[in-house]
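Notes for the one structure printed next.
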Amino acid sequence: MSDYSLLILPGDGIGPEVMAEVRKVIGWFQTNRGMRFDVSEDLVGGAAYDKHGKPLADETMAKAQQVDAVLLGAVGGPKYDNLDFSLKPERGLLRLRKEMDLYANLRPAQCFDALADFSSLKRNIVAGLDILIVRELTSGVYFGEPRGIHDDNNNPENEGGRVGINTQRYTSGEIRRVARAAFELAKKRGNKVCSMEKANVMESGILWREEVQWVHDNEFPDVELSHMYADNGAMQLVRNPRQFDVIVTDNLFGDILSDAAAMLTGSLGMLPSASLGAPMDNGRPKALYEPVHGSAPDIAGQGKANPIACILSFAMALRYSFNEGQAADDLEKAVEKVLADGVRTADLMGPEGGTPVSTSEMGDKITEALSRA
Ligand code: NAD
Ligand code: IPM
Ligand code: MN
């Protein structure tokens, strides 16, 4: 009888490369900590399209609904760029998020001291940084209707004759539940939430601001809450990122702000994420864990990818799905130790250069560091 069931979806590009290193870490916890994982593996994205003609098979979707946690590598790549929209690799990932109703996407950005000189910002701006972006993940302009590309027949003024439509739509309930998640998380950290939208130009932004404030006033009056327009938020993130503790924002702003936050940590290859939904019968939240980065076609197949984002995503699974907080801490410390030892993949090479390790060597070093702990 296994303690934890885990569905691994390596996906495309560097996805399978970084996932191979997570497998080593899972093996380490099985051998050394007696954790029992029931691991199954399946296809998503371009890999699923190649086999099934669609980016996520229904059987895979059903499996994802049943396991304690899903771990995903990355999807997408130039080979699939010209596919029909509904068949694109990214649709597989979006279907998982939507059908599992994973509304709270936690994207922590922490700057490990050893990497403070590798950020594109100065050390004194990023050293000690520890922020958490909570991105709404199942609604907003990613999913709103109407959407599509249509002929704009009755408009002779429109050169080209077409119109592309997406709709930013949020219900109060959708805003309240992600706000609640952000406040709960803030209580366990710095007790501060900054909500970002564009209430100055969007009605959905006005609703966002009012509902976040409502949740604060009625349920979390002791957590400090501020509101910021998202464009100013982007500027503040690079001006003085340590002013933030938890940032809560919508699906699209969260996507963009979290990539920006990635560079505060040294590399996009460092940023993990957890996408959480409502609790299942066993009390664990529906959950999918994935690095924030994509399939990195420019470096795929070369052993250059940094596996840390994916390994830290597994640490988040240990913490949020398996209630193994100590193991999660140990894994994060092992990563920190390896970085402090000067071990670097190519994306973490500063201007002064050095010799990078491969994806696989980085995975080995991290499991060795776990053994030394
Ligand atoms: P990307 O994140 O794949 O790559 C951006 C840059 O960061 C590239 O230069 C890449 O080499 C580098 N990079 C990313 N991860 C890295 C890692 N672990 N180690 C070292 N370097 C790393 O973004 P993109 O190039 O805009 O998109 C490529 C494909 O990935 C697209 O098809 C896109 O839709 C998809 N994508 C998927 C996800 C996901 O699966 N969650 C996320 C973002 C993008
Ligand atoms: C991410 C990615 C995805 C997103 C894509 C691949 C659908 O950029 O997870 O950050 O836009 O949400
Ligand atoms: Mn993104």
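Bear in mind these aren't lab numbers, they're just calculated from the coordinates by the rules spelled out. Because the structure is a prediction, the values reported are computed rather than measured. When we count neighbours, we look across all protein chains shown, and the Cβ atoms used for this are built from the backbone with ideal geometry, even at glycine.
Among the trypsin sites (Lys or Arg not before Pro) in region 227-299, none is located in a DSSP loop while being surrounded by at most 15 other Cβ atoms within 10 Å of its own Cβ. Rounded to the nearest whole Hz, the Karplus-based 3J(HN,Hα) values (6.51 cos²θ - 1.76 cosθ + 1.60, θ = phi - 60°) of region 146-153 follow the sequence x, 8, x, 10, 10, 6, 10, 4, with x at glycine and proline.
Would you mind calculating the gained length between residue 20 and residue 189 on full extension (0.36 nm times residue separation, minus the Cα-Cα distance), in nm to one decimal? Don't skip to the answer; put the middle values down first.
Values: separation 169, 0.36 × 169 = 60.84 nm, distance 3.18 nm.
That pair, residue 20 and residue 189, stretches by 57.7 nm at full extension.
Our estimate of slack between residue 323 and residue 85, defined as 0.36 nm per intervening residue step minus the Cα-Cα distance, is 81.9 nm. Applying both filters, DSSP loop and at most 10 other Cβ atoms within 10 Å, to the GluC sites (Glu not before Pro) of region 292-358 gives 352.
Cβ-Cβ distance of residue 364 and residue 222, R₀ of 35 Å, FRET efficiency by 1/(1 + (r/R0)^6): the value works out to about 0.15. When the Gaussian network model of the chain links Cα atoms closer than 10 Å, the mean-square fluctuations of 125, 14, 175 top out at 125.
Summing charges over neighbours of residue 177, with a neighbour being any other residue whose Cβ is under 12 Å away from its Cβ, gives -4 when K and R count +1 and D and E count -1.
Restricting the GluC sites (Glu not before Pro) of region 150-210 to loop positions (DSSP other than H, G, I, E, B) with no more than 14 neighbouring Cβ atoms within 10 Å leaves 157, 159. Per-residue ellipticity at 222 nm computed for the chain from its helices equals -12500 deg cm²/dmol, with DSSP H segments shorter than 4 residues left out and the rest contributing -39,500 (n - 2.57).
Residues of region 278-313 with backbone nitrogen within less than 11 Å of a virtual label 7 Å along the Cα-to-Cβ line of residue 352, please, listed as ranges. Those under the cut-off are none; the list is empty. Computed over neighbours whose Cβ is under 12 Å from that of residue 196, the net charge equals -1, Lys and Arg +1, Asp and Glu -1.
Starting from 0.36 nm per residue, how many nanometres of slack lie between residue 252 and residue 284 once their C-alpha separation is accounted for? Mind dumping the intermediate values first?
Details: separation 32, 0.36 × 32 = 11.52 nm, distance 2.68 nm.
Extra length from residue 252 to residue 284 when fully extended: 8.8 nm.
The modelled label-to-label distance between residue 61 and residue 231, using points 7 Å beyond Cα along the C-beta direction, is 3.8 nm.
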